[in-house]
1. Set the Förster radius R0 to 22 Å, insert the Cβ-Cβ distance between I6 and A26 as r into 1/(1 + (r/R0)^6), and round the FRET efficiency to 0.05.
2. Nothing charged except the Cβ atoms of Lys and Arg (+1) and of Asp and Glu (-1): what's the magnitude of the dipole of the chain about its Cα centre? Round to the nearest 20 debye.
3. Return the calculated 222 nm mean residue ellipticity for the chain, to the nearest 500 deg cm²/dmol, obtained by summing -39500 (n - 2.57) across DSSP H runs with n ≥ 4 and dividing by the residue count.
4. If you work out P(r) over Cα pairs in 10 Å bins from 0, in percent from the coordinates, which of (1) 14, 46, 30, 9, 1; (2) 11, 30, 26, 17, 11, 5, 0; (3) 11, 30, 35, 17, 5, 1 do you get?
5. In whole Hz and in residue order, list the ³J(HN,Hα) couplings for the stretch 38-55 that follow from phi through the Karplus curve 6.51 cos²θ - 1.76 cosθ + 1.60, θ = phi - 60°; x for Gly and Pro.
6. Taking only Cα atoms and a 10 Å spring cutoff, compute GNM fluctuations for the chain and point out the largest among E38, E89, E102.
Amino acid sequence: MQEPSIELIRWTGPWSDDDPDANFKADVALYTMLEPLETLGPLSASTGIPVGALVRYVLARWASAGSESLLNAGPSVIERMWATISEAEHTDTIQARLAAYEVVRQMVAWLRAPLDM
């Protein structure tokens, strides 16, 4: 069986302001600027696990995290949601609350995406 080959590319968009996936796309744009092999290379060297196996592990782990999050959103997701709400409450405007609602709505939509499959 031939293993798939994937090119790691950087991506910066574009996307429209009203794109329902804008938060996710912004996250992709941010994280694709990083160089994951700077972490995975030394990890491979110290564990003896090939880089390709680590990449497969990270991708599989992340891809399954959506389903896992249905059972346990985890502290980072809860903290991101809370920070969004807290900031809106501190700003104390309808616009800030509506913007926070949209951010949290998008996060919940992503968390429930496995249910739509």
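1. That gives a FRET efficiency of 0.50.
2. Using only the charged Cβ atoms, the result is roughly 340 debye.
3. -22000 deg cm²/dmol
4. (3)
5. 5, 8, 6, x, x, 5, 4, 5, 7, 9, x, 8, x, 4, x, 5, 5, 4
6. E38
Laboratory data are not the source of any read-out in this text; all were calculated from the coordinates shown. None of these values were measured; they are calculated from a predicted model. Here Cβ is always computed from backbone atoms with ideal geometry, including for glycine, and neighbour counts include all displayed protein chains.
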